[in-house]
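Structure first, then comments.
Please treat every number below as a calculation from the coordinates, not as lab data. Computed from a predicted model, the values in this text were never measured in an experiment. Cβ placement follows ideal geometry from the backbone for every residue including glycine, while neighbour counts extend to all protein chains displayed.
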Amino acid sequence: MTPPSLRDLPLADDYDPNSMPVDKARAHIRAFLTPVTTVERVHIRDALGRVLAEDVVSTMNVPSHDNSGMDGYAVRHADLAADADVTLQVIGTSFAGAPYQGSVSPGQAVRIMTGGTVPKECDAVIMQERAKAADGKVTLGLGAKKGQNIRRAGEDLAVGQIVFHKGQPVRAAELGMLASLGIIEVSVLRRLRVAFFSTGDELVSLGGTLGAGQIYDSNRYTIFGMLSRLGFEVLDMGVIRDTPEAVEQAFEAASKVADVVITSGGVSVGDADYVKQMLDRLGDVLFWKIAMKPGRPLAFGKIGNAHFFGLPGNPVAVMVTFYQFVRDALMVLSGRTNLEPVATFKARLTAPVKKAPGRTEFQRGILTRDDSGEWTVRTTGDQGSGILSSMSLANCFVVLPTDQGNTEPGAMVDVQVFEGVI
Ligand code: AMP
Ligand code: MG
């Protein structure tokens, strides 16, 4: 299916370029993503963090045989009396990996270890703490249930079952499950390739000397960190001078080598119009003013075959727009399906929050659990979009909806926890 052109978006009526709501921008972005499709066969160890390119079907039962969940005695349940202790003859032992070879007749029991195969005549395992063994015999108490302490063949994974679906990420549990199925290699999607560069004449790369009014380029490092944490292939293209030639060359080069191009700076209203004109020529790009704080300007579209995200220049705005728009989009582009929503819950404010109605705000918060067990939150202090330390101090975003104004202590507010997201 050919994705529709960005130019088909409803620009005139229900879309106000001066105030695009956060949710609408997310939905528009979602509609224009073309995920990677190239498949690679890799050893399961190299599949960690990758996205499965096909369903994985179980070719065997896990566990492959009925086995004991306890150290104890495998018995025939019918031998156990309802109203009295029973003494059985112990005829052998079933170790994990070394099953008892004979059959078990009425009146007999087999000593069994955790993971040991349950003899086919037995239908319960009595834990050794409930048994008294002496002279080749064992005495068992009351109350055993049929089937107890037996892990059934196929109870974890059954033959023919779809174990994992295409589009699912491979994490530690999946690696272990693949190994338990004896699978050595899996098909995964090619890693998403993301190129990024910074724009601005004031920016100096690490190792350079700062001249008057210059600053070190920090955005490239936060972007590098955010991308690397998500497991993408990253291409750092450096700082690009604010000249039409340099910027055009950078866009062309990046869009040829990467699936996604991310820039920071240079997309706000005050920035040179040549960027807009150039991107109009090179691709299909929209410039939005999102009704959010921080992070008002956001450019999104395609340059050649590459998807493009033009983030604001301010360091905090870079991170907030990345997490609110780009992260999920990149996951979709990498082939992920069924993205889990970011964990959001309500916490009680312990300090006043300043906010003007009209935009969704993503203030940086410190979430703690107070002595009574309640989750409470306060902001990190100065919420300026250049105060990057606010992101470091914080462990959550406090998400304040558009219409909300100043908020007093005691109010319940939405928090998005960083752990698991960032
Ligand atoms: P801009 O969107 O280009 O107008 O930039 C907004 C603010 O972010 C300015 O104060 C820039 O100096 C700052 N800024 C832009 N890019 C970077 C960067 N890569 N690292 C640190 N600060 C930046
Ligand atoms: Mg700039």
Under 29 Å from the Cα of Lys293 - lysines, other chains or at least 8 residues apart: Lys24, Lys276, Lys302, Lys346, Lys354, Lys355
Karplus-derived HN-Hα couplings along segment 379-384 (A = 6.51, B = -1.76, C = 1.60, θ = phi - 60°), whole Hz, x at Gly and Pro: 7, 7, x, 3, 9, x
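Provide the FRET efficiency to the nearest 0.05 for the Asp403-Arg348 pair, computing r from the beta carbons and using R0 = 22 Å.
Computed FRET efficiency for Asp403 and Arg348: 0.65.
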With no solvent and one equal point scatterer placed on each C-alpha of segment 56-152, evaluate the Debye formula and give log10 I(q)/I(0) for q = 0.10, 0.21, 0.24, 0.25 Å⁻¹, two decimals. -0.24, -0.96, -1.24, -1.35
Footprinting exposure proxy for Met127, Met177 (fewest neighbouring C-beta atoms within 10 Å first): Met127, Met177
Projected area, mean over directions - segment 345-417, Cα convex hull, nm²: 4.5 nm²
Simple SL model, points at 7 angstrom along Cα→Cβ for Val159 and Leu339; separation in nm is 4.0 nm
Extension length gain for Met412 and Arg281 (0.36 nm per residue less Cα distance), in nm, is 42.4 nm
Expressed in angstrom, Rg and Dmax over the Cα atoms of segment 107-189 are 19.0, 61
Based on Cα positions only, what radius of gyration and what Dmax would you give for segment 255-308, in angstroms? 11.3, 33
Computed log₁₀ I(q)/I(0) - Debye formula, equal Cα scatterers, no solvent, the chain, q 0.10, 0.13 Å⁻¹: -0.81, -1.09
Residue span Ala98 to Leu230: 0.36 nm per residue of separation minus Cα-Cα distance leaves a gain in nm of 43.2 nm
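What full-extension length gain, to one decimal in nm, is calculated for Arg30 and Arg152 as 0.36 nm per residue of separation minus the Cα-Cα distance?
Numbers: separation 122, 0.36 × 122 = 43.92 nm, distance 4.35 nm.
Gain in length upon complete extension: 39.6 nm.
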Give me the angle, in degrees from 0 to 90, between the Cα long axis of helix 219-229 and the longest principal axis of the Cα atoms of the chain, rounded to the nearest 10. 20 degrees
Calculate log10 I(q)/I(0) of segment 157-250 for q = 0.21 Å⁻¹, where I(q) comes from the Debye formula with a single equal point scatterer on each Cα and nothing for solvent. -1.08
Approximate shape of segment 206-315 as ellipsoid semi-axes (Cα gyration tensor, √5λ), whole Å, largest first: 20, 18, 16
To check you understand DSSP bridge types, tell me what percent of the beta bridges within the chain (both residues inside) are antiparallel, rounded to 5. 70 percent
